[in-house]
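Just so it is clear, none of the values below were taken in a lab; they were calculated from the coordinates. Note that the coordinates shown come from a computational prediction; the quantities given were computed from them, not determined experimentally. Cβ placement follows ideal geometry from the backbone for every residue including glycine, while neighbour counts extend to all protein chains displayed.
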Amino acid sequence: MRRNIKTALKKPPAPHAWAITANNTIYSVHVPIRPDGSIENGDAAQQIEVTLADLQATLKAAGADLDDVILVQIYLTSLEHKPVLDEVYKRFFKEPYPVRACIAVSELPTTGTIIEIVATTTHPN
């Protein structure tokens, strides 16, 4: 049975949850949403920082943390952002790093954003 994880993030405008847990696994998706619900559409570093902070806060709400993440799928609107991604990413994750895929896409559904992250996390409970 799946269960929605209650987070401090504003409800997404599209018909999906930010995170659910099922079978001792947390599945989550994140874009750069500020605490007030507005979209962070500043430079790449700002967007990546906010997106990873949202993931971290969501996992905390679920009773997990970034050390529990096993897979990260990252969608960027340009691979030119990858060096910045790697720099910011290392401030959030530590070795051994989760398995990661980084995919370039032509655009994302959230206007003005350059990143979307999908994470799969083991649930400690």
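Brief remarks follow.
- Sequence-separation-based contact order of region 34-122, relative, with Cα cut under 8 Å and 6+ spacing, percent: 41
- Helix-derived mean residue ellipticity, 222 nm - over the chain, DSSP H n ≥ 4, -39500 (n - 2.57), to 500: -7500 deg cm²/dmol
- Close lysine pairs were tallied over the chain: pairs 8 or more places apart or on different chains with Cα atoms under 17 Å apart number 4.
- Bridge type composition, region 1-114 - antiparallel percent by DSSP, nearest 5: 55
- Tensor-based shape of the chain (alpha-carbon gyration tensor, a/c under 1.5 rounded, otherwise prolate or oblate): oblate
- Here r is the Cβ-Cβ distance between Asn41 and Gln73 and R0 is 35 Å; the resulting FRET efficiency, rounded to 0.05, is 0.95.
- Summing charges over all other residues whose Cβ lies under 15 Å from the Cβ of Pro83, with Lys and Arg as +1 and Asp and Glu as -1, gives -1.
- Once you reduce region 5-70 and region 89-113 to the center of their Cα atoms, the two points are 12 Å from each other.
- Neighbourhood charge, 15 Å Cβ-Cβ cut-off, centred on Ala62 and excluding it, Lys, Arg +1 and Asp, Glu -1: 0
- In a simple Cβ point-charge model (Lys, Arg +1; Asp, Glu -1; nothing else charged), region 1-119 has a dipole of about 500 debye relative to its Cα centre.
- Additional length obtainable on full extension of the chain from Glu107 to Arg3, 0.36 nm per residue less Cα span: 34.4 nm
- Options Thr25, Cys102, Leu71, ranked by Cα towards positive dipole end of the chain, top entry (Cβ charges): Thr25
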